[in-house]
Every structure is written in C-alpha cells, then in structure tokens.
Amino acid sequence: MNFKGILQEHSAMLGRIVSSYEADKALQQELMQEVSLALWQALPKFKGEGSMKGYIARIAQNRCISHVGKAVKQPKSAELDTNIPCGSASIVETLEKDQQRRLLLNAVRQLPLSLREVTTLALEGFSHREIGEALNISENNAMVRFSRAKAELKKALARG
C-alpha cells in the first residue's frame with residue numbers, strides 16, 4: 001500500500017491521537033502535518049515486525065510527545081467536531097454525547113504523559129500487548145499504566 005493509502009486508512013486514529021495531545025484546532029492541523037511527515041519518513045524503515053497500525057500509532061505518539069515537550073504552556077480546551085454522524089439520535093442525546101466526549105478528551109489531556117500515551121492507544125482499541133509494543137514497554141507496564149489512567153480519569157470526570 002502506498003503512503004497516501006496508509007494515511008487515509010489510519011487518518012481517523014491519527015486525528016484522535018493528535019487531538020488528545022493538542023486542544024487548539026490550528027495547532028492540531030500543524031501537528032497532524034508533522035505526524036504525516038514523520039510517518040512518511042519512517043515508513044521505509046518498517047520491517048514488518050508487529051502490526052502496521054501499532055507502528056503508525058507509535059510514530060504519532062512520539063511526534064505528539066515531542067510537540068508537548070516543546071509547548072510552553074498548557075493547551076487550551078477546544079470543542080470537538082460536532083459534525084459526527086449520529087444516526088437517528090435526538091438532539092438531547094447528541095448534545096449529551098458531545099458533552100461526554102468533550103469531558104473525556106479534556107480529562108485525557110490533563111493526564112501525565114505516560115498515562116496519556118496508554119490511554120489514547122487503549123481508546124483506539126489497542127490491547128495491552130499492542131500498547132506495550134507501540135510504546136516499547138512491557139505488557140504488564142501497559143496494564144499498570146492504564147489502570148492508573150482509568151483511576152485518574154474517574155476522579156477527573158467525577159469532579160466534572
């Protein structure tokens with residue numbers, strides 16, 4: 001598969017990873033470009049060890065971590081895209097879901113970096129083993145970090 005196809009196939013995941021590290025929409029777009037460039041540069045080095053999805057997520061995570069490291073101040077909160085298709089959900093249900101997504105995303109952004117990494121990948125459906133592979137940590141370490149992240153998220157969401 002060519003770079004464009006790979007980017008299209010994984011664009012939703014990459015967008016969610018980027019948005020979990022950056023709240024500002026304009027900076028999200030810049031960060032997505034940085035992630036795309038890093039991915040383009042790294043793809044020829046992919047040796048087929050592990051999954052392509054994990055490799056791509058790892059590259060995105062690393063680029064996002066570099067971005068956060070360069071940031072001088074905490075990211076400001078941003079609204080999530082409300083153009084997400086909702087099927088036949090009522091306006092009230094749609095607004096409640098949007099509010100829940102916003103609260104969760106803001107809570108994820110407040111997590112320490114080591115917990116945010118595992119959380120963003122877990123929210124993408126990665127197993128503990130896949131998270132460990134993507135972050136170069138053990139499966140047990142991934143499980144422990146995610147357990148801590150869930151506890152922190154519960155506290156943050158309870159505070160509202």
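The values are calculated or read from the model by the stated rules, or taken from the named source; none is laboratory data. Not measured: the values here are computed from a predicted model. Cβ placement follows ideal geometry from the backbone for every residue including glycine, while neighbour counts extend to all protein chains displayed. Please note that ligands, DNA and RNA were not included when accessible areas were found on the heavy atoms of the full protein model with its side chains. Shrake-Rupley method; radii C 1.70, N 1.55, O 1.52, S 1.80 Å.
Within the range 117-142, can you find the residues that are open to solvent by 20 Å² or more (accessible area, probe 1.4 Å) and β-branched (Val, Ile, Thr)?
Residue satisfying the conditions is ILE137 alone.
For the range 122-130, check the following and say yes or no: at least one residue is within 15 Å of VAL18 (Cα to Cα), modelled with pLDDT of 80 or more, touching a Ser or Thr at 6+ places or on another chain (Cβ under 6 Å) and not small (Gly, Ala, Ser).
Looking through the range 122-130, none of the residues is within 15 Å of VAL18 (Cα to Cα), modelled with pLDDT of 80 or more, touching a Ser or Thr at 6+ places or on another chain (Cβ under 6 Å) and not small (Gly, Ala, Ser).
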